[in-house]
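These notes are about the structure you will find just below.
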Amino acid sequence: MAKFLLSVHVIAAILAVGSIAVAASLFPRYVKQSVTVAAFLHRVCGVYAVAGVVVPVFGIATGARLGVLTDAWLVVSLILTVIAAALLGLAVLPQQRRLLELAERPAPELPHARVARLHMVTGVFNLLWAAVTVLMIVRPGSTTGV
């Protein structure tokens, strides 16, 4: 059962988080070039954000099955996951939406500072997921023998 749970967790992370990371990273460039492409990237981020709920759910289930829920590496991973999710829901998606609204106006003038801020916030989001990935692989202090 643990192998199944872990498999779903990893596949969901690759598909959902990976898709969000790529789409969110591309959005700032395309919001300046093509509103249609930017709107598509924003939709990808939103849809996969909802689908991404599977990642921590199956991660927690896997951790419970392996008896490592209280291990520091997993607790830190969960905290970073919550921070990344909050950043996505409270900063990345709303900033994308605002920039799309501006870009859809006739003769749009996108504030460079807003686009740059979105680049930065998206970078932090991606770094948080990179840190979680490293913790999942290295698992400092883990006694699982892997």
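The values are calculated or read from the model by the stated rules, or taken from the named source; none is laboratory data. Model, not experiment: these values are computed from the prediction. When we count neighbours, we look across all protein chains shown, and the Cβ atoms used for this are built from the backbone with ideal geometry, even at glycine. Calculation scope for accessible area: heavy atoms of the full protein, side chains included, ligands and nucleic acids excluded. Shrake-Rupley method; radii C 1.70, N 1.55, O 1.52, S 1.80 Å.
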If Ser25 satisfies all but one of (1) hydroxyl-bearing (Ser, Thr, Tyr); (2) in contact with a Gly (Cβ under 9 Å, 6 or more places away or on another chain); (3) over 18 Å from His119 (Cα atoms), what's the number of the condition it fails? (3)
Does Ala103 count as small (Gly, Ala, Ser) and more than 30 Å from Leu6 (Cβ to Cβ)? yes
Would you check if there is a residue in region 43-59 being without any contact (Cβ under 8 Å) to a residue 24 or more places away in the chain and surrounded by 15 or more Cβ atoms within 10 Å (Cβ to Cβ)? no
On the given criteria, is Ala113 of a type in the set (Gly, Ala, Ser), more than 15 Å from the chain's Cα centre (by Cα), assigned to a helix (DSSP H, G or I) and surrounded by fewer than 15 Cβ atoms within 10 Å (Cβ to Cβ)? yes
Which condition number in (1) part of a helix (DSSP H, G or I); (2) closer than 23 Å to Ile137 by Cα; (3) in contact (Cβ under 8 Å) with a residue 60 or more places away in the chain is the one that Leu88 fails? (2)
So if I check each of Val54, Val68, Val10, which one is more than 29 Å from Glu109 (Cα to Cα), hydrophobic (A, V, I, L, M, F, W, C) and in contact with a His (Cβ under 9 Å, 6 or more places away or on another chain)? Val54
How about region 21-42: which of its residues are buried (at least 21 other Cβ atoms within 10 Å of the Cβ), in contact (Cβ under 8 Å) with a residue 60 or more places away in the chain and either of a type in the set (Lys, Arg) or touching a Leu at 6+ places or on another chain (Cβ under 7 Å) (or both)? Phe27, Pro28, Val31, Ala38
In this structure, is Arg97 under 26 Å from Thr36 (Cβ atoms) and either open to solvent by less than 60 Å² (accessible area, probe 1.4 Å) or touching a residue at least 40 places away in the same chain (Cβ under 8 Å) (or both)? yes
Confirm whether Gly63 is among the small types (Gly, Ala, Ser), without any contact (Cβ under 8 Å) to a residue 40 or more places away in the chain, in a helix (DSSP H, G or I) and surrounded by 18 or more Cβ atoms within 10 Å (Cβ to Cβ). yes
Just one of the numbered conditions (1) open to solvent by less than 60 Å² (accessible area, probe 1.4 Å); (2) modelled with pLDDT of 95 or more; (3) in contact with a Lys or Arg (Cβ under 8 Å, 6 or more places away or on another chain) is not true of Ala2; which one? (2)
Being in contact with a Ser or Thr (Cβ under 9 Å, 6 or more places away or on another chain), part of a helix (DSSP H, G or I) and either at pLDDT 95 or above or within 16 Å of Ile137 (Cα to Cα) (or both) narrows Val8, Val75, Val57, Val68 down to just Val8
